Amino acid sequence: MIRTPYEAGGFAFSDEKMMEKAVKEQEGIRYIKKSSDMNDPKMVYELYCQMVRQRIFETPVGYTFLYDMQEYLRTNPSILNDDIPAIPVVLHKEYPNKRNEGQPRPKDAVKTKTKVIHKKIEKHVDYKPWFRTSVTISIILFFIVIGMFIVTATSDNINIINYENALIEKYENWETQLNEREDRLLEREKELR
């Protein structure tokens, strides 16, 4: 097999420029592995997301490192797979197809468009503050309702709760007033006789 003079990280490159990029990426990967705790899933996740966001790697050497990190994160139960962003790939025309080189392109060739699918990334939402707030509000409302029942039960105004008692008291008062009047009338009658 013919070896190309431009090799780095187990990959053969068609030009020196791409090989130099791969060598720099390889050095950067070594530095990251030495300076970071690669056994801590949260640290690996933060590094991975930062490198994907900044699109640091452009060669297969870097993509392989990112893929290894991605696989480590996918197998870790503390990181949700939906939270792991995909690796953005920049395609370079490194390996021209020798068979088609120099041949004119057919007129009816179909151009393929790459579709970029934006996946909505759901963030972890901490529901504990919301839960505490709703429980606190529920307890406050519960005590307000209890207070309203107490005020209603002890109030002098006629309402549904004390309606029957109020009617009985009202009729008893009328009865006592009528009895008093009747007694007065009977006394006047006796005086007049």
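Okay, here's what the table says:
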| item | result |
| --- | --- |
| Count of residues meeting criterion [open to solvent by 40 Å² or more (accessible area, probe 1.4 Å) and either among the basic types (Lys, Arg) or within 21 Å of the chain's Cα centre (by Cα) (or both)] in region 76-92 | 6 |
| Count - residues of region 5-28 that are of a type in the set (A, V, I, L, M, F, W, C) and without any contact (Cβ under 8 Å) to a residue 12 or more places away in the chain | 1 |
| Flag for Glu122 being surrounded by 10 or more Cβ atoms within 10 Å (Cβ to Cβ), at pLDDT below 65 and either aliphatic (A, V, I, L, M) or under 30 Å from Ile56 (Cβ atoms) (or both) | no |
| Selection from region 24-41 of residues that are exposed (fewer than 12 other Cβ atoms within 10 Å of the Cβ) and assigned to a helix (DSSP H, G or I) | Glu27, Arg30, Tyr31, Lys33, Lys34, Ser35 |
| Test: Val61 is open to solvent by less than 40 Å² (accessible area, probe 1.4 Å), closer than 16 Å to Val89 by Cα and more than 30 Å from the chain's Cα centre (by Cα) | yes |
| Residue check for Pro5: over 31 Å from the mean Cα position of the chain (by Cα) and open to solvent by 30 Å² or more (accessible area, probe 1.4 Å) | yes |
| Conditions (1) within 30 Å of Met19 (Cβ to Cβ); (2) modelled with pLDDT under 85; (3) surrounded by 10 or more Cβ atoms within 10 Å (Cβ to Cβ): number failed by Tyr95 | (3) |
| Check on Ser14, surrounded by fewer than 14 Cβ atoms within 10 Å (Cβ to Cβ) and polar (S, T, N, Q) | no |
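Per-residue answers, yes or no, for (1) at pLDDT 85 or above; (2) under 28 Å from Tyr6 (Cβ atoms); (3) surrounded by 15 or more Cβ atoms within 10 Å (Cβ to Cβ); (4) in contact with a Phe, Trp or Tyr (Cβ under 8 Å, 6 or more places away or on another chain):
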position	(1), (2), (3), (4)
Ala22	no, yes, yes, yes
Leu47	yes, no, yes, no
Met51	yes, yes, yes, yes
Gln54	yes, yes, no, no
Leu66	yes, yes, yes, yes
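The values are calculated or read from the model by the stated rules, or taken from the named source; none is laboratory data. Bear in mind that the values here come from a model prediction, so they are computed numbers and not experimental data. Please note: Cβ atoms are built from the backbone with ideal geometry, for glycine as well, and neighbour counts cover all protein chains shown. Ligands, DNA and RNA are excluded from the accessible area calculation, which covers all protein heavy atoms including side chains. Shrake-Rupley method; radii C 1.70, N 1.55, O 1.52, S 1.80 Å.
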